[in-house]
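A.B. asks: Handing you a structure now.
The values are calculated or read from the model by the stated rules, or taken from the named source; none is laboratory data. Note that this is a predicted model, so its numbers are computed, not measured. Because the Cβ atoms are built from the backbone with ideal geometry, glycine has one as well, and the counts that use them run over all protein chains shown. The accessibility values were calculated without ligands, DNA or RNA, using every heavy atom of the protein model including side chains. Shrake-Rupley method; radii C 1.70, N 1.55, O 1.52, S 1.80 Å.
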Amino acid sequence: MFTLVKCIRVERKKAEEGRRKLCDGGHLDTGYKPASSGDYVYFAVRKKPSGYMVFEKKMRKISFKPHSLHEALEGKLSAKEIDEVVRSFDVLGDLAIVEIPPKLVRKQKLVAEALMRIHPNVKTVAKKMGPMEGEFRVRKLKHVFGRPGFETEYRESGCVFRLDPSKVYFSPRLSHERERISGLVKEKEKILALFAGVGPFPIVIANRKPKTQIVAIELNPRAFDYMVENVRLNKTFNITPVLGDVREVVPEIAAGFADRVLMPLPKGAEKFLDVAMLGAKRGAVVHLYTFAKNDDLEEVKKAISEAGKNAGRKTKILLTRRVRPFAPHVDQFVIDFQVC
Ligand SMILES: C[S@@+](CC[C@H](N)C(=O)[O-])C[C@H]1O[C@@H](n2cnc3c(N)ncnc32)[C@H](O)[C@@H]1O
């Protein structure tokens, strides 16, 4: 964008020297790109430097890309208001999901516009209307700005996921875990993906290890439909998506099936340990996700050991890892254990 501004000119061969002088004297206006014409270079100035003639010239404004949401909001909201805005937000393809504090509801469009300046690919901004809820672990969203609707396509580890986060669970913050587990999987493993959602764990694994056989079970019909679509989009046909409750499906089709069992249900996976034991072959590895307050995993470890005893099997903890912070003093963890 060109704007008519005050500037001075310096002979081309002395341009760098002139620029430095203007800079040192605090005269240079760094918001505009220097322009050259004939034997001269023109610099925009804030105030007249002595010894130079001042001209008016159309100069190109340097566009500045902010690095953070807080930076992008400078000049739009007061410093106190900016402090209220949560720094982190999720970008899923062309959809951004942000928290808007109640005090800033009237200024939410400014937050959305600022967010779109940092992520020019974002077409829709939605705000969180509460926590993840219910059996399907879904969060209500409300449209704030941009194109209507929440369906989007998110890319991760060479895979694409179509989903609507107002109807199904999805978190880009588990991408590291999906990479980690797909790295552990051996070529021809049989995998039981419980609580499969729109398929991110099974699809990332199947894409990297196409000779695996994966049974992926999901209760939410919308998430199941997206999983079927995502299997097709990624051509990961070594996955069998199943709609239903793991408690009913596993005894029917997957007893003693798996070399590896995935349990990504951090709120309540312990209640399904008996199902995991039923699906696990001897020597199988189970990945259980859980929330823990103040790093206290003792209760969950006890539940694992008891579920093993009830199934007449020994369990051995292989690893515990903090996956991500969740709430004050509460983190999400993964426990990898072996069923011997
Ligand atoms: C926390 S989400 C994880 C989804 C997916 N694995 C991911 O990482 O995006 C848990 C999922 O388990 C599903 N679910 C909850 N209870 C279930 C059950 N008894 N049987 C099958 N799926 C269940 C929910 O609908 C939800 O999609």
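A.B. asks: Taking 8 Å as the Cα distance limit and 6 or more residues as the minimum spacing, I'd like the relative contact order of region 69-150 as a percentage.
C.D. replies: Rounded, it is 27 percent for region 69-150.
A.B. asks: Long-range amide H contacts for Val138: which residues qualify at under 5 Å (H placed 1.01 Å from N, peptide plane, sequence gap of 5 or more or a different chain)?
C.D. replies: Glu133
A.B. asks: Tabulate in residue order the Karplus-calculated ³J(HN,Hα) for region 314-321, using 6.51 cos²θ - 1.76 cosθ + 1.60 with θ = phi - 60°, rounded to whole Hz; enter x for Gly and Pro.
C.D. replies: 3J(HN,Hα) across region 314-321, in whole Hz: 8, 10, 9, 6, 9, 6, 10, 9.
A.B. asks: Still on this structure: To test your reading of the geometry: what angle, between 0 and 90 degrees and rounded to tens, separates the Cα axis of helix 298-310 from the longest principal axis of the chain?
C.D. replies: 30
A.B. asks: Name the chymotrypsin sites (Phe, Trp or Tyr not before Pro) in region 233-340 that are in a loop by DSSP and that have at most 14 other C-beta atoms within 10 Å, would you?
C.D. replies: In loop regions of region 233-340 (DSSP not H, G, I, E or B), the sparsely surrounded chymotrypsin sites (Phe, Trp or Tyr not before Pro) are Phe237.
A.B. asks: Can you compute the modelled spin-label distance between Arg247 and Asp24, with each label point 7 Å from Cα toward Cβ, in nm?
C.D. replies: 7.9
A.B. asks: Scanning the chain for trypsin sites (Lys or Arg not before Pro) in DSSP loops with at most 11 other Cβ atoms within 10 Å, what's the longest stretch left with none?
C.D. replies: Working: sites that count: Lys47, Arg87, Lys186, Lys188, Lys211, Lys235, Lys314.
The segment 88-185 is the longest one with no such site.
A.B. asks: Moving on to the next point. Rounded to the nearest 10 Å², what accessible area does Asp259 have for a 1.4 Å probe in the complete protein model?
C.D. replies: About 40 Å², rounded to the nearest 10.
A.B. asks: Let me ask another. For the chain, what is the calculated [θ] at 222 nm in deg cm²/dmol (nearest 500), taking -39500 (n - 2.57) for each run of four or more DSSP H residues and dividing by its residue count?
C.D. replies: -8000 deg cm²/dmol
A.B. asks: Let me ask something else about it. Just how far, in whole angstrom, is region 206-240 from region 80-127 if you go by their alpha carbon centroids?
C.D. replies: Spelled out, the Cα-based centre of one part sits 32 Å from the other.
A.B. asks: Now for a separate question. Mind pulling the angle between the C-alpha long axis of helix 221-234 and the longest principal axis of the chain? Nearest 10 degrees, somewhere in 0 to 90.
C.D. replies: Here the helix axis deviates by roughly 70 degrees.
A.B. asks: Report, by chain and number, residues whose modeled amide H sits under 5 Å from the one on Thr315, excluding near sequence neighbours (fewer than 5 apart, same chain).
C.D. replies: Cys340
A.B. asks: Is the shape of the chain best called rounded, prolate or oblate, per the rule: a/c under 1.5 gives rounded, else a/b larger than b/c gives prolate, else oblate, with a ≥ b ≥ c the square roots of the Cα gyration tensor eigenvalues?
C.D. replies: Prolate, because a/c is 1.5 or more and a/b exceeds b/c.
A.B. asks: Within region 185-202, whose backbone N sits under 19 Å from a point 7 Å along Cα→Cβ of Glu229?
C.D. replies: 196-202
A.B. asks: Relative contact order (percent) for the chain, with alpha-carbon contacts under 8 angstrom and 6 or more residues of separation?
C.D. replies: 9
A.B. asks: In degrees, nearest 10, range 0 to 90: what is the angle between the Cα axis of helix 15-24 and the longest Cα principal axis of the chain?
C.D. replies: So the helix axis and the longest Cα principal axis differ by about 80 degrees.
A.B. asks: Let me ask something else. Mind listing the phi-derived Karplus ³J(HN,Hα) values for region 329-338, rounded to whole Hz, using 6.51, -1.76 and 1.60 with θ = phi - 60°, and x for any glycine or proline?
C.D. replies: 6, 10, 10, 8, 10, 10, 10, 9, 9, 10
A.B. asks: Can you give the FRET efficiency for Glu99 and Ala255, using 1/(1 + (r/R0)^6), R0 = 35 Å, r = Cβ-Cβ distance, to the nearest 0.05?
C.D. replies: 0.25
A.B. asks: Treat every Asp and Glu Cβ in the chain as -1 and every Lys and Arg Cβ as +1, leave all other atoms uncharged, and give the resulting dipole magnitude about the Cα centre to the nearest 20 debye. Write down the numbers at each step before the final one.
C.D. replies: On the way: 64 positive and 42 negative charges, 291 e Å.
The calculated dipole for the chain is roughly 1400 debye.
A.B. asks: What are the lysines whose alpha-carbon lies under 30 Å from the alpha-carbon of Lys57, with same-chain residues fewer than 8 places away excluded?
C.D. replies: Lys6, Lys13, Lys14, Lys21, Lys33, Lys47, Lys48, Lys65, Lys76
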